[in-house]
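Notes follow once the structure below has been shown.
All of the numbers you see were taken from the coordinates with simple rules; none came from a lab. Bear in mind the structure is a predicted one, so any value in this text is a computation, not a measurement. Don't worry about glycine lacking a Cβ; one is built from the backbone with ideal geometry, like all the others, and counts go over all protein chains shown.
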Amino acid sequence: MKTLTLVLDGMHCTGCAQTIKALLDLEPGVRQSAVSFEDRNARVLFDPGATDEARLASAIEKAGFKVTDRRP
């Protein structure tokens, strides 16, 4: 398992954070996610054999949000 923190831009409310969490939870290999509107980030625990950082970021960006940084 691997943990990743994605720094986000474009969230306007806690509903945005809930949307991003739901999208991440649908991605294959994601075991757990937590999205914070206040901290503007998402923490994801995932199986690197099933998905990767780029795919997770892409899922968020396809929904209209921006990933500004990726941190282990």
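Things to note:
- Ranked by the mean number of other Cβ atoms within 10 Å of their residues, highest first, the peptides 6-12, 26-32 fall in the order 6-12, 26-32.
- Approximate spin-label separation Arg31-Asp52, in nm, with each point projected 7 Å along Cα-to-Cβ: 2.1 nm
- Per-selection Rg to Rh, the chain - Cα, Kirkwood hydrodynamic radius: 0.92
- Student exercise, the chain dipole from Lys, Arg, Asp, Glu Cβ charges, in Debye to nearest 20: 40 debye
- Normalising the average separation of contacting C-alpha pairs (under 8 angstrom, six or more residues apart) by the number of residues puts the relative contact order of region 2-71 at 45 percent.
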